Structure formats: structure tokens, C-alpha cells
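Written out below as C-alpha cells is the structure these notes cover.
What follows is calculated from the coordinates using simple rules that are stated; it is not laboratory data. Because the structure is predicted, anything quoted here is derived from the model rather than measured. A quick note on method: Cβ atoms are made from the backbone with ideal geometry, for glycine too, and the neighbour counts reach across all protein chains shown.
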């Protein structure tokens, strides 16, 4: 079967032929992939940045966001059965370290990531441990089911504290940032402000419920925010961009006693005025790493079931699996948000 794989320690990926994987461990589950989606980390793997160089040993089938059908289970599997419609938590925890034993599996010190440390979903079949699988509602479209993993990042970032009746600033309107806009609005935020340098993404933010959108290349973002918030600043700041300038603007725009969630990954150190922008403002700051296993997944299920989320605008392209590089190109040009791949086209 065809697969998208990192075959060498250099930029790029290849379409290769691999054998259908087989059950080896008693808790293994074999899944037929229906849809998969391209993540920012897949772009990093393609570009062979420092993050991917430190983690991937070729040859590795990549991809971790997917929805599929269970076709076979290991002999010890009890909670999943053949025919189940599933997606997966992509962080595979060891279950033995300090963090796993203290209800913090999402920061397990021995974490293995699907499509990074073990073969992933950019193919027709893959193996996932039973514990990591989540059964989807049958009415959930596979393209939406395939983006629940990044949706979990957005849910955790946005709802680590309540946002109801609060002003929310989303800095960076990539897929997860746009999900945050939609989640905040669906959860009763009074005002949602979205910021990005790409007008196409800001149009999507507007479609997903943002009350205000700003482009820092055209607008004085902090000045606009203080005007909207009667000079107080925003109560909730969600940093999704990984931009140093964006992070500085976010902290300058925060209200005293506010809360910040940091998910964006920075390429360099962020110079912040800890005294003025954090300590004297009495901010609460959360570093967001993945999703809470598995609390966040139940929140995802509830939000999707409520009907209050509108994720369709985030999915801008659907391509055959072998057109992976076209999807990467569209994302890097800022012309796509979420690209769905179909292994059977």
C-alpha cells in the first residue's frame, strides 16, 4: 500500500510502498484509515527543522490526525471492537513514569508520538494502542473526526479556565487559532478578537465568530484592543502564533488579573517585561502541551454533539493522499487552513 514517509534525514518526504501492518502486541488495534489531515508538525517534518531532526529516525510513515474503522484487535483488547469508528490521542504514554502515575499522561516523560516515533496515518492502515483510541459518533463526518486531535489543543487552550462572558484575544489564526475563535464564541465569550498577518485567515476568523479581526501590518493592535475593552485590555489571551512580536503584543494587551494560554512554539527566545506585563498584572499563565488525557476528549465529544461548533470553514482542501506535497505547498503559501487527505483516491 502507498504511504507518505520520511525516508532520509533531509528536506522532503516520499511516496513509498509498504506492507499492511500486523498486530504484534496484545493491546494493538489495526485501523483502516478513512481520512487523515495535515498538521503543522507534518510541515516541520517535511522541512526537516530542529524539532523533527531530534525525534525522527527514517524510514518513518508520518501523519497523526485521522479517522478510521477498526478491522482487527489484539487478544487483550476489550473496549474496542471490529467495526468501531475511531480517532486517536496521538501521544502514547508509558503509563509508568511519575507523570503518568500522577494523572498527567499528557506530559509523560517517555511519550511516543504517532507519525513521529511510530508509524503514522498517511497510508491505508495503521496500528494504534487500545488506550489511545476514542470511539466517534457515527454521524460525525470523517473529515471532521480526523481533526479532533488539533481540536483538542484548541479546547484545552481555550477552556483551561472558563471564557463565558469574557473578552478573548486569539493571536494567530492557523487551524488551532481558528478553532479557538469558534470554541470561545460557542462557549459564551462576550468578545472575540482575532489577529493575524494573513487576510484570508482573518476572513475565516470572521466566518467562525470573531467580533473583531486585526492585521498588525495594517492596524495598531494593542491600541484597538484597549479601545474595544474600555482601556482595560482583554481578560483571556490565547497565543497560537509562535511569533515573538505577537506574544509581546498579547502580553501588552492583557487586563490585570487575566489569563494567558501559550500553545504557539517559538523559534527564538521571547523578551518579555516580567515586572510590568506579568507580575504587576497578576496574570495566570498556562503552558499548553497536547491535550489532557483523556478529559479533553470528552469535552470535544460534548462540544461536537452540542452543534455549536462550525468547523467546516477550517477545512479548505481535500486531496488524494499522494498529493500530500501540494497540500504542504498550499499551507506554506497561506492559501489553505486544514488539508484533508484521502488514501483511497
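Label-to-label distance, residue 10 versus residue 230, with points set 7 angstrom from Cα along the beta-carbon direction: 6.2 nm. By other beta-carbon atoms within 10 Å, ranking 34, 96 with the fewest at the front produces 96, 34. Between 78, 191, 316, the residue with the greatest mean-square fluctuation in the GNM of the chain (Cα pairs under 10 Å linked by springs) is 78.
Adding -39500 (n - 2.57) for every DSSP H run of four residues or longer, then dividing by how many residues the chain holds, sets the calculated 222 nm ellipticity at -7000 deg cm²/dmol. Helix 148-159 and the long axis of the chain differ in direction by around 30°, with both axes built from C-alpha atoms. Placing dummy labels 7 Å off each Cα toward the beta-carbon, the span from residue 17 to residue 223 is 6.3 nm. Springs between Cα atoms under 10 Å define the GNM used for the chain, and in it the highest mean-square fluctuation of 209, 115, 287 occurs at 287. The alpha carbon centroids of region 135-178 and region 249-309 are separated by 13 Å. Maximal additional length on extending the residue 117-residue 301 stretch stands at 63.5 nm, based on 0.36 nm per residue less the C-alpha distance. Pop a pseudo-label 7 angstrom from the Cα along the beta-carbon direction at both residue 69 and residue 270 and give the gap in nm to one decimal. Spacing of the two 7 Å Cα→Cβ label points: 4.4 nm.
Taking the DSSP beta bridges with both ends in region 79-213, the antiparallel portion is around 40 percent.
Note on the chain: antiparallel DSSP beta bridges, both residues inside, total approximately 50 percent of the bridges counted. Of 56, 127, 183, the residue with the greatest mean-square motion in the GNM of the chain, using alpha carbon springs below 10 Å, is 56. Considering Cα pairs under 8 angstrom that are at least six residues apart, work out the relative contact order of region 164-283 and quote it in whole percent. Relative contact order comes out at 24 percent.
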